[in-house]
Amino acid sequence: MQLSVTNKPLNAVLGMLGIEISFDNKALSAYNISVSKTFRNPEEALYYLLNNKPFKVEKINHVYIIIPSDKQITDKNVYTELSGHHKQVIFTGTVSDRETGEPLTFATVSLLNANNHSLITGIVNEKGIFKLPVSESPQKIRISFLGYETITDDISPFGTNLGKFLLKTITIPLAETIVTANEVRHKIDRNSYLITSDMCRDAVNTEDLLHKIPGLYFDKVANTLSVNGSKKILLLVDGIQQSQDYIKQLSPGRIQAVEVINGPSGRFVSDDYTAIINLILNKDYRGYEIYSSNFSAISLSGLNRSEPWILNRPVAGMSYTHDKINFYTTYFHSKENQNLPVSKNLTYRGIELLSETPGNTPNDLYKRKSNTITTGINYQITPMQTISFQGDYVSGKTETNLIYTMERTDITNENRRTIKNSTENATSDYTFVGTLFYQGQIGERFRLYTDFSYNYYYNDIKNKYDQNDASNYIAQDMYNEYKNHTLLNIEGKYILSPQMSINLGYSNAWRMYGSESSHGRGFLNYREYRNKAFTYMMLNFSRKFQTKIGAAIEHINSYDRDIKSNYTRILPYIQANLNINTNINVNASYSTNQHYPSLYQLSPMSLIIDTFLTQIGNPELKSAIRHNITFRVSLGDRVTITPAFDYIHDESSELYIEKGYKLYRSFSNINMREYSLQITYDQPIGKYVRFKNIVTYYLGEGLNAEIKKKPDGWLANSEISYYHPVKSFGFEIGYYRNMKKQILSQGYQMVDKDNWLISVNKSFWDKRLSLVLSYIPPISAGIRRNQLRVLDTSLYKENTCRHLESYNNMFLLKLSFRFGRGYSKFPERNSTIKNEREKKTIEF
């Protein structure tokens with residue numbers, strides 16, 4: 001590891017080594033360090049920094065304890081000066097993390113006299129307990145631990161049980177410090193990563209920073225984040241859900257740590273997230289930021305008709321933090337224009353339809369414009385209580401047009417004729433989400449969180465089908481759909497002891513869906529009431545072994561005119577974490593979560609797809625439950641091996657049925673399962689190079705599907721990157737195999753894309769201006785350019801192919817600007833707000 005420091009306090013430098021150290025902050029802060037040197041490991045750096053200083057190091061288990069040279073550690077886990085002939089009194093207490101309740105093993109505890117001189121100093125044991133014998137009556141107690149705020153309290157003259165002490169995490173300044181070792185802590189249900197200056201040096205925003213963490217990927221083409229290959233993730237700030245657009249634009253310098261939570265629980269258990277990323281911000285930041293960026297994608301293949309600009313996404317925003325107030329606002333605009341060649345082969349009731357191969361002429365035309373405005377404000381009522389409000393407004397327009405020239409063949413008599421058809425869909429939608437939030441600490445043991453959200457969604461839809469053959473046929477309809485949705489969350493956490501805490505809560509949700517058509521009114525009048533209660537207990541048996549166990553139970557009532565549904569879901573959860581040593585961690589979990597049908601899956605409104613097919617929803621759909629079993633082995637922060645099993649009960653999937661000699665695509669609840677094995681490897685090479693990989697093999701099956709298929713395949717993200725901090729220049733070469741076979745009840749559908757990517761980035765003006773140029777070359781090695789949809793039933797057969805050649809010759813440009821001024825003060829609590837947003841997606 002390389003350490004480069006200029007005139008920094010010794011305690012701050014030790015905090016950057018990425019190893020467990022216990023020391024007295026005040027004693028070490030008296031020494032300033034300037035050094036530029038490469039060490040074989042953090043331990044060598046530790047002994048080098050303490051050379052010729054009045055301290056020594058004693059190692060207990062994996063913790064390095066720094067004590068004055070004239071002290072020693074006794075069998076009772078304390079070090080003390082010999083007391084001679086005086087009778088000693090033993091003072092006791094416990095020390096825990098304020099956020100998690102976990103005992104802070106090896107925290108340093110000192111008892112002080114009236115002149116603030118230490119009478120005795122000791123360390124906390126694995127249960128969070130300290131016992132300090134003294135012969136002189138102490139006046140104060142001082143407690144310190146790496147990464148936590150040092151506290152000093154007066155000691156009451158009555159009693160020797162000093163009670164419980166809860167320490168808050170703090171930020172160690174990273175200015176002028178370069179450390180190449182990352183610190184990762186494997187906790188019960190999450191991995192926690194300390195953000196170092198090395199990780200921030202070429203990161204412009206949150207997305208760039210998260211790309212530095214093993215298992216996390218920022219897709220520069222799709223502008224999306226994934227955790228272990230899954231894009232079903234949620235971003236939080238200090239445990240609170242804010243606007244995702246705002247979070248992604250945060251300055252990396254404001255982020256102290258990142259927690260990657262696998263197997264969400266509590267209030268998130270019904271949202272179908274596979275992982276949650278929680279950003280822990282520096283609590284002492286005060287200042288303002290103004291930022292803007294623009295991402296553009298330009299097709300060089302000439303296959304996007306006469307419109308080479310495929311995508312343009314500008315974003316602008318600002319944030320202001322001062323004393324008790326934090327205010328932020330963000331504006332996001334998106335314009336997409338993607339045109340692809342698509343071919344089809346359909347068979348139904350002895351009739352085969354085969355479309356002409358479109359070649360280089362796109363016949364699947366897609367346009368989308370959207371605008372998003374987010375504004376939020378947080379106000380600290382007291383240092384331990386915050387109230388906030390956030391509002392989001394999103395509007396958009398979408399146009400799609402599918403144009404086919406097809407050969408119609410009657411299989412019984414070989415009669416053939418040519419037909420031309422087109423299906424046009426146009427939507428105009430808007431949604432508003434408002435959320436009121438409160439978070440507070442009540443006493444030393446109890447934390448309370450609550451929020452209330454209201455969401456309104458409205459969408460106008462136009463559907464037109466035009467068939468041109470011997471008998472011209474035109475069908476069209478116009479209808480709207482709308483949603484009202486309220487959500488209440490109440491969640492509390494109570495610390496029973498340094499080894500035990502309990503998390504419990506309640507959620508209430510109400511949804512109302514409706515629609516009106518030009519052919520009639522009241523086609524959909526769907527109402528849903530959900531009540532959920534949950535409780536989880538976290539047990540810290542030792543520093544090496546922890547477990548979390550609990551469950552959520554939800555009762556669901558739904559109504560659609562005369563159709564009523566009433567059922568209960570039970571969602572158990574158990575996770576165990578074993579830290580074998582500093583380099584090996586084992587985590588085993590069984591978790592469940594659920595998700596609900598979307599509006600288009602419930603709505604019985606008719607949407608014509610093609611000559612044969614019309615889509616209708618199913619208001620009788622139930623929520624789906626995902627059961628996940630995972631066994632994860634982590635070897636340092638370099639290699640992770642994860643076998644997993646997913647079983648989904650009542651997944652909403654397409655179902656092809658016949659009514660009155662007419663074919664419909666509707667939706668039904670089915671069961672499915674998937675096995676997977678994933679290996680991640682993340683390795684720095686020297687000072688400037690990094691090699692990052694994730695490889696996954698999967699095998700899926702629809703259990704009650706009409707035609708049992710077992711789609712399988714392998715996925716990969718592999719890249720090598722270089723960055724020179726002095727020149728503020730870097731480049732990256734990567735291979736991304738992301739196209740996956742998604743199970744349908746009667747077949748499968750491929751989603752996502754494969755591509756190679758070459759990227760260069762350069763920062764200017766002290767990192768205020770950043771430029772990223774990327775190119776997707778037309779390399780065919782390892783690339784699947786045909787995205788398939790395969791259905792094979794006794795009633796209907798379909799083979800649809802989307803040709804993705806236009807994606808494999810594309811130029812990407814991202815320009816970012818950030819300006820601001822901030823300063824630090826003593827830490828204060830600064831919380832944020834949650835919002836809920838639902839988006840309707842356009843079907844395949």
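Among the residues of segment 775-793, those that are hydrophobic (A, V, I, L, M, F, W, C) and assigned to a loop (DSSP other than H, G, I, E, B) comprise ILE779, ALA781, ILE783. Taken over segment 245-274, the residue count meeting the criterion of being within 30 Å of GLY550 (Cα to Cα) and of a type in the set (Ser, Thr, Tyr) is 4. Here SER343 passes the criteria (1) more than 30 Å from GLY660 (Cα to Cα); (2) surrounded by 15 or more Cβ atoms within 10 Å (Cβ to Cβ); (3) touching a Ser or Thr at 6+ places or on another chain (Cβ under 6 Å); (4) hydroxyl-bearing (Ser, Thr, Tyr) except the one numbered (1).
Give the residue that is modelled with the lowest pLDDT, with candidates limited to residues of segment 636-692 that are farther than 25 Å from ARG626 by Cβ and of a type in the set (Phe, Trp, Tyr). Within segment 636-692, the match that is modelled with the lowest pLDDT is TYR661.
Are any of the residues in segment 556-567 surrounded by 18 or more Cβ atoms within 10 Å (Cβ to Cβ), in the same structural domain as TRP510 (by TED's automatic domain parsing), part of a strand (DSSP E or B) and at pLDDT 90 or above? The answer is yes, given that some residue of segment 556-567 is surrounded by 18 or more Cβ atoms within 10 Å (Cβ to Cβ), in the same structural domain as TRP510 (by TED's automatic domain parsing), part of a strand (DSSP E or B) and at pLDDT 90 or above.
Only one entry in SER745, SER728, SER721 is hydroxyl-bearing (Ser, Thr, Tyr), in the same structural domain as ARG673 (by TED's automatic domain parsing) and over 26 Å from LEU771 (Cβ atoms), namely SER745. From the list ASN11, ASN25, ASN32, the one residue that fits, being in the same structural domain as LEU132 (by TED's automatic domain parsing), at pLDDT below 70 and closer than 26 Å to ILE195 by Cβ, is ASN25.
The residue pairs whose first member lies in segment 750-767 and is in the same structural domain as SER718 (by TED's automatic domain parsing), whose second member is among the acidic types (Asp, Glu) and modelled with pLDDT under 90, and whose beta carbons are closer than 7 Å, counting only pairs six or more residues apart or on different chains, are ASN761/ASP202.
Only strands (runs of 3 or more DSSP E) whose full extent lies in segment 351-417 are considered here, and the ones with at least 3 residues that are of a type in the set (Val, Ile, Thr) and touching a residue at least 12 places away in the same chain (Cβ under 8 Å) are 364-382, 385-410.
Residues in segment 194-212 that are touching a residue at least 24 places away in the same chain (Cβ under 8 Å), out of contact with any helix residue (DSSP H, G or I) (no Cβ under 8 Å at 6 or more places or on another chain) and either crowded, with 22+ Cβ neighbours inside 10 Å or within 17 Å of ASP682 (Cα to Cα) (or both): LEU194, THR196, LEU210. Using the structure shown, decide if ASN52 is surrounded by fewer than 16 Cβ atoms within 10 Å (Cβ to Cβ), modelled with pLDDT of 75 or more and on the phi > 0 side of the Ramachandran plot. For ASN52, the condition - surrounded by fewer than 16 Cβ atoms within 10 Å (Cβ to Cβ), modelled with pLDDT of 75 or more and on the phi > 0 side of the Ramachandran plot - is met. Is it true that some residue in segment 699-719 is touching a helix residue (DSSP H, G or I) at 6+ places or on another chain (Cβ under 8 Å) and either buried (at least 18 other Cβ atoms within 10 Å of the Cβ) or closer than 29 Å to THR642 by Cβ (or both)? Within segment 699-719 (the criterion being touching a helix residue (DSSP H, G or I) at 6+ places or on another chain (Cβ under 8 Å) and either buried (at least 18 other Cβ atoms within 10 Å of the Cβ) or closer than 29 Å to THR642 by Cβ (or both)), the answer is no, since none of the residues qualifies. Restricting attention to segment 504-530 and to residues that are crowded, with 20+ Cβ neighbours inside 10 Å and among the polar types (S, T, N, Q), the residue that is modelled with the lowest pLDDT turns out to be SER515.
Tell me the strands (runs of 3 or more DSSP E) entirely within segment 234-327 that contain at least 3 residues that are surrounded by fewer than 19 Cβ atoms within 10 Å (Cβ to Cβ) and at pLDDT below 90.
Of the strands (runs of 3 or more DSSP E) lying wholly inside segment 234-327, those with at least 3 residues that are surrounded by fewer than 19 Cβ atoms within 10 Å (Cβ to Cβ) and at pLDDT below 90 span 285-299.
Does LEU578 satisfy the criteria of being under 27 Å from the mean Cα position of the chain (by Cα) and either of a type in the set (A, V, I, L, M, F, W, C) or not assigned by TED's automatic domain parsing to the domain that holds GLY128 (or both)? Yes; evaluated as a whole, the condition is true for this residue. Here the condition is being among the charged types (D, E, K, R) and closer than 30 Å to GLY492 by Cα; of GLU414, GLU444, it holds for GLU444 alone.
Of the set (1) surrounded by fewer than 19 Cβ atoms within 10 Å (Cβ to Cβ); (2) at pLDDT below 90; (3) of a type outside the set (D, E, K, R), all apply to MET605 but (1). Of all the residues in segment 346-395, those that are farther than 22 Å from ASP610 by Cα, small (Gly, Ala, Ser) and buried (at least 17 other Cβ atoms within 10 Å of the Cβ) number 4.
Regarding ILE657, is this residue closer than 30 Å to THR582 by Cβ and surrounded by fewer than 19 Cβ atoms within 10 Å (Cβ to Cβ)? It is false that ILE657 is closer than 30 Å to THR582 by Cβ and surrounded by fewer than 19 Cβ atoms within 10 Å (Cβ to Cβ).
Within segment 800-818, if we keep just the residues that are of a type in the set (A, V, I, L, M, F, W, C) and surrounded by 19 or more Cβ atoms within 10 Å (Cβ to Cβ), the residue that is nearest to TYR404 (Cα to Cα) turns out to be CYS801. A residue that is not acidic (Asp, Glu) and not in a strand (DSSP E or B) can be found somewhere in segment 652-674.
The values are calculated or read from the model by the stated rules, or taken from the named source; none is laboratory data. In this text, all values refer to a predicted model and were calculated from it rather than measured experimentally. Neighbour counts run over all protein chains shown; Cβ positions are idealised from the backbone, glycine included.
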